[in-house]
Amino acid sequence: MPKITLKKIIKALKNLALGWTPGGSFKCNICQNNVWGFTKYRDGFRVESMDALGFVNGSPETFACPRCGCHDRERHLVLFFEASKISEKFTKSKILHFAPEHHLSQWINSLSPSEYILCDLNPKSKKIEKINIEEIPYPEKHFDFVIANHVLEHVNDDFRALSEIRRVLKIGGQAILQTPFSSAITSTWSDPGIASENERLHAYGQEDHVRLYGRDIFNRFSNSGLASRKKTHTELLGNINCAPYGIGEEEPLFLFERID
Ligand SMILES: [Zn+2]
């Protein structure tokens, strides 16, 4: 039986108050409930170096839905997919989804793709295939979509991963590759001397990130041969008041397409 701790009790009470008290000016577009707010990532823990470098990494202040537990990055992608009409294209498509988020994958499944492969380097469920993104065990031009939401910042050889994503995509197939980046630095940066979890936390924003992407991120991803189809938040969602959904307007849709 899972251990009941004071921390867990406080969290449950907070979720109860924010999520189940009638009313609320925030809205979760995944569970469709009105709530009084979203809970903070890691109880509001901030990395000062990342704040100073304009780290675009979702909305840690409005992270989880107190009702369904979905994360801001899932709410944002669902809004992006609906506004761009990518959601309509998911129906009858072949989709490969890395590190599949629980609520987002359920939502995609409801759109009836013809093939929907959930995968992870370290799968935690039997429904998830064990796949290394640097060596994808599928033939060339197999998928219509590849989704890797907050994955590439953890991958040692991101160029190899991107080449593999391109290889398994059909011509005209698209990849959705949301990735945190610094809006301040011009060039993606890493240093082999940064090895401990604490060093990576302060240099790259999280203990298990392996680099800090900069403003060159779209060019860098395109070097794999994928064409950038990036859309800003304003381009896709500028006509919607997104404040109630608790999502960050700095984050664009990282959309890439295989063109040859
Ligand atoms: Zn929800």
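What follows is calculated from the coordinates using simple rules that are stated; it is not laboratory data. These numbers come from a predicted model, not from an experiment. A quick note on method: Cβ atoms are made from the backbone with ideal geometry, for glycine too, and the neighbour counts reach across all protein chains shown.
Listed by first and then second residue, the pairs with beta-carbon distance under 9 Å, at least 6 apart or on different chains, first residue in region 11-29 and under 19 Å from TYR245 (Cβ atoms), second hydroxyl-bearing (Ser, Thr, Tyr) and within 15 Å of the ligand (Cβ to nearest atom), are ASN15/THR39; LEU18/THR39; PHE26/THR62; PHE26/TYR245; LYS27/TYR245; CYS28/TYR245; ASN29/TYR245.
For residues in region 54-76 being among the charged types (D, E, K, R) and either within 16 Å of the ligand (Cβ to nearest atom) or buried (at least 21 other Cβ atoms within 10 Å of the Cβ) (or both), which is nearest to the chain's Cα centre (by Cα)?
Checked region 54-76; the qualifying residue nearest to the chain's Cα centre (by Cα) is ARG73.
For the structure I just gave you, tell me whether TYR213 is within 16 Å of the chain's Cα centre (by Cα) and closer than 20 Å to ASP157 by Cα. Criteria met by TYR213.
Give region 1-53 a look and list any residue that's more than 16 Å from the ligand (Cβ to nearest atom), exposed (fewer than 14 other Cβ atoms within 10 Å of the Cβ) and assigned to a loop (DSSP other than H, G, I, E, B), or say none.
Initially, region 1-53 is screened for residues more than 16 Å from the ligand (Cβ to nearest atom), giving 1-10, 13, 42-53.
With the extra rule that they be exposed (fewer than 14 other Cβ atoms within 10 Å of the Cβ), the set shrinks to 1-10, 13, 42-46, 48, 51-52.
Residues satisfying the conditions are MET1, PRO2, LYS3, ILE4, THR5, PHE45, ARG46.
When restricted to residues that are part of a helix (DSSP H, G or I) and in contact (Cβ under 8 Å) with a residue 24 or more places away in the chain, region 85-101 contains 4.
Return yes when SER105 is within 16 Å of the ligand (Cβ to nearest atom), of a type in the set (Ser, Thr, Tyr) and part of a helix (DSSP H, G or I) and no when it is not. So that I can check it myself, show each step before the final result.
Values: within 16 Å of the ligand (Cβ to nearest atom): yes; of a type in the set (Ser, Thr, Tyr): yes; part of a helix (DSSP H, G or I): yes.
Yes, satisfied.
In region 60-84, the residues that are under 22 Å from GLN174 (Cβ atoms) reach residues that are assigned to a helix (DSSP H, G or I) and within 9 Å of the ligand (Cβ to nearest atom) with C-beta atoms within less than 7 angstrom, at least six apart or across chains, in these pairs: GLU74/HIS103.
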